[in-house]
Amino acid sequence: MAPRYNYFQPIYFEYDEALIKDITGYVMAFPNLEKFKLHYDEEHKNAPTDSLLDTLRLLFPQIRVINKLTRFNKITKEYEPNPAAFLANEPVDTETLSLIFRKWVEVWYPESSHEKVRELCTPEQFQWKDAT
């Protein structure tokens, strides 16, 4: 008989604005993601965010929904931060979010570029706002 391993599998649903319009809590954008990408060459420009988002899902049960981090603006024809990328019951500590994001940067991007984006890894980029 083959060994059986138990593990946690994060599951989530992606909600659109119509589904969350009457939900209260806190929302947060990921405002510097596009600025962050500008500091890297094509090879590293689109580092996979799956590991970052999965980590946030597992560590912070108060985050109810993680939507797409950016959305396409039909008027400007550019991607911009999604103001409701994260929806939480209560705000997650911004220092902790900053630390996790900084570690993700260190794993996915070349060490030579870390100093360029250090100011984008600060707690100030993670600002929760009331959602009603």
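The values are calculated or read from the model by the stated rules, or taken from the named source; none is laboratory data. Treat the numbers as computed from the prediction; the structure is a model and nothing was measured. In this analysis, Cβ positions are derived from the backbone assuming ideal geometry, glycine residues included, and neighbour counts consider all displayed protein chains.
When only residues in the stretch 71-104 that are in a strand (DSSP E or B) and without any contact (Cβ under 8 Å) to a residue 40 or more places away in the chain count, which is nearest to the chain's Cα centre (by Cα)? Residue satisfying both the conditions and the ranking: 71. For residue 55, the test of being of a type in the set (S, T, N, Q) and surrounded by 14 or more Cβ atoms within 10 Å (Cβ to Cβ) is passed. Selection of the stretch 45-65 for residues being in contact (Cβ under 8 Å) with a residue 12 or more places away in the chain and under 23 Å from residue 109 (Cα atoms) yields 47, 48, 49, 51, 52, 53, 54, 55, 56, 57, 58, 59.
In the stretch 81-103, is there at least one residue being farther than 19 Å from residue 26 by Cβ and small (Gly, Ala, Ser)? Scanning the stretch 81-103 turns up no residue that is farther than 19 Å from residue 26 by Cβ and small (Gly, Ala, Ser).
Pairing residues of the stretch 18-37 that are closer than 21 Å to residue 79 by Cβ with residues that are modelled with pLDDT under 70 and of a type outside the set (A, V, I, L, M), at Cβ distances under 8 Å and at least 6 apart in sequence or on separate chains, gives 37/45; 37/46.
Evaluate the stretch 120-130: report whether one residue or more is among the polar types (S, T, N, Q) and within 13 Å of the chain's Cα centre (by Cα). Looking through the stretch 120-130, at least one residue is among the polar types (S, T, N, Q) and within 13 Å of the chain's Cα centre (by Cα).
Of all the residues in the stretch 81-127, those that are at pLDDT 85 or above and of a type in the set (Asp, Glu) number 4. Restricting 74, 21 to residues that are surrounded by fewer than 14 Cβ atoms within 10 Å (Cβ to Cβ) and either at pLDDT 85 or above or touching a Phe, Trp or Tyr at 6+ places or on another chain (Cβ under 9 Å) (or both) narrows the list to 74.
Say whether the condition of being among the hydroxyl-bearing types (Ser, Thr, Tyr) and in contact with an Asp or Glu (Cβ under 8 Å, 6 or more places away or on another chain) is met by at least one residue in the stretch 68-80. Yes: the stretch 68-80 contains one or more residues that are among the hydroxyl-bearing types (Ser, Thr, Tyr) and in contact with an Asp or Glu (Cβ under 8 Å, 6 or more places away or on another chain).
Based on this model, can you work out whether residue 117 counts as surrounded by fewer than 16 Cβ atoms within 10 Å (Cβ to Cβ), β-branched (Val, Ile, Thr), more than 19 Å from residue 66 (Cα to Cα) and in contact with a helix residue (DSSP H, G or I) (Cβ under 9 Å, 6 or more places away or on another chain)? The answer is no for residue 117.
In the stretch 44-65 there is at least one residue that is at pLDDT below 85, charged (D, E, K, R) and not in a loop (DSSP other than H, G, I, E, B).
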